[in-house]
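Each value in this text was obtained by applying a stated rule to the coordinates, not by laboratory testing. Model, not experiment: these values are computed from the prediction. Using ideal geometry, Cβ is built from the backbone for each residue, glycine included, and neighbour counts are taken over all protein chains shown.
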Amino acid sequence: MDNRENFKKRLDAYLAENFLEEDFLPENFAAEPEETFAEKTFEEPKGFFADAPRFYSKINFKKIFEENESETFSEMMTRLVEESGEKNSAVYNRAQIDRQLFSRIKKNKNYQPGKDTAVALALALKLDFDKAKDFLATAGFTLTKSKRDLIISFFIENKIFDVAELNDYLYEYNQPVLFNR
């Protein structure tokens with residue numbers, strides 16, 4: 001058995017184990033509508049807590065968020081490239097993005113990439129699964145249980161960091177390829 005056949009069997013097993021069809025939910029399943037914050041009712045404290053001070057009104061949430069501000073996507077990417085010791089060109093070439101986009105990301109601290117760009121850079125940076133999840137989270141993304149995201153997860157978990165090969169398998173499984181041009 002050749003490597004491609006073996007790889008495909010492992011990927012098929014991974015998908016079978018992790019993929020949930022959308023039709024999996026029972027027909028009578030209906031999610032409870034979420035209350036909006038404005039719709040929520042808050043009761044006044046009773047008993048022992050009735051006389052307790054409203055401590056939360058004195059908390060400076062803005063200060064807390066500023067003190068705990070985490071890295072932006074751009075900052076994290078720049079740090080990871082530096083830690084890798086590789087040239088920028090090696091990373092953006094492996095990610096299959098152009099130099100201008102890579103430069104735009106580096107120069108703009110608040111740059112918000114698309115999910116495909118973030119995934120391609122996670123692969124190019126050869127991040128392990130936990131670091132890749134954190135990296136994607138800084139851009140506001142996560143890997144879901146969709147077939148496409150599971151294939152991406154499989155590649156990252158198995159340390160296969162080749163965007164072109166990932167695209168081959170995405171195409172083979174009838175999923176949108178990265179940078180569908």
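Worth a mention:
- The order of T142, T78, going from fewest to most other C-beta atoms within 10 Å of their C-beta, is T142, T78.
- Measure of compaction for the range 135-174 (Cα Rg per 2.2 N^0.38 Å): 1.17
- Over the range 64-181, volume per residue of the alpha carbon convex hull, in Å³: 104 Å³
- Two-site label geometry, I160 and V177: point separation in nm, points 7 Å out along Cα→Cβ: 1.6 nm
- Using the Cβ of R94 as centre and a radius below 12 Å, the other residues enclosed give a net charge of -1, where K and R count +1 and D and E count -1.
- For the range 72-82, the Karplus equation 6.51 cos²θ - 1.76 cosθ + 1.60, evaluated at θ = phi - 60°, returns couplings of 7, 4, 4, 5, 5, 4, 4, 5, 5, 5, 4 Hz by residue, with Gly and Pro reported as x.
- Pairs of lysine residues in the range 64-181 that meet both criteria, 8 or more places apart or on different chains and Cα atoms under 16 Å apart, total 10.
- Computed extension gain for Y14 through E71, at 0.36 nm per residue and net of the alpha carbon distance, reaches 17.3 nm.
- For the range 64-181: relative contact order, % (alpha-carbon pairs under 8 angstrom, 6 or more apart): 25 percent
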